[in-house]
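A short worksheet on the structure shown next.
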Amino acid sequence: MAQLYLLRFEFRCAPSKAEFDQAWDVTLQRFARCANWDGAEAGVRLVKTYGTAWGRYALIEVDDPETFAPYEADHIANYPHKARITIERIFEVNTSFAQRMGQIA
């Protein structure tokens with residue numbers, strides 16, 4: 001069963017446009033090749049990415065924990081000097097509490 005994760009990518013500083021373009025060139029090439037930010041070709045699927053003034057959120061679906069480990073390692077190896085990165089496992093709360101809510105109502 002797939003598990004959802006929320007990746008929070010908060011820029012450490014405001015880079016110049018040239019620095020931003022250079023830093024993201026490799027990442028964008030990976031994304032163009034396999035539709036994933038870190039080149040994972042199987043086991044990790046990007047669901048949606050949201051941009052903000054300070055960084056981005058990415059919702060990812062993980063089918064295989066063995067594939068997810070290199071995905072996390074890639075973030076740790078390539079981005080910590082650019083951003084503060086948080087990857088959190090998430091779950092859908094309404095479904096989780098549906099049975100209990102039905103008992104209360």
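All of the numbers you see were taken from the coordinates with simple rules; none came from a lab. On a predicted model such as this, the values are computed, not experimentally measured, just so you know. Glycine also receives a Cβ, built like all others from the backbone with ideal geometry; neighbour counts cover every protein chain displayed.
Quickly estimate the mean residue ellipticity at 222 nm for the chain, helices only: each DSSP H run with n ≥ 4 gives -39500 (n - 2.57), and the total goes over all residues, rounded to 500. Before the final figure, lay out the partial values.
Values: 3 runs with 44 residues, N = 105.
Helix contribution divided over all residues of the chain: -13500 deg cm²/dmol.
Describe numerically, in nm with one decimal, the distance between label points set 7 Å from Cα along Cα→Cβ at R56 and at A98.
Placing both labels 7 Å along Cα→Cβ, they lie 3.2 nm apart.
Residues in the range 68-100, backbone N under 15 Å from the label point at V47 (7 Å along the Cα-to-beta-carbon vector): list them, ranges by number please.
87-96
Rank these for me by crowding, F20, F11, F91, going from fewest to most other beta carbons within 10 Å.
On the way: F20 13, F11 16, F91 8.
Fewest-to-most Cβ neighbours within 10 Å comes out as F91, F20, F11.
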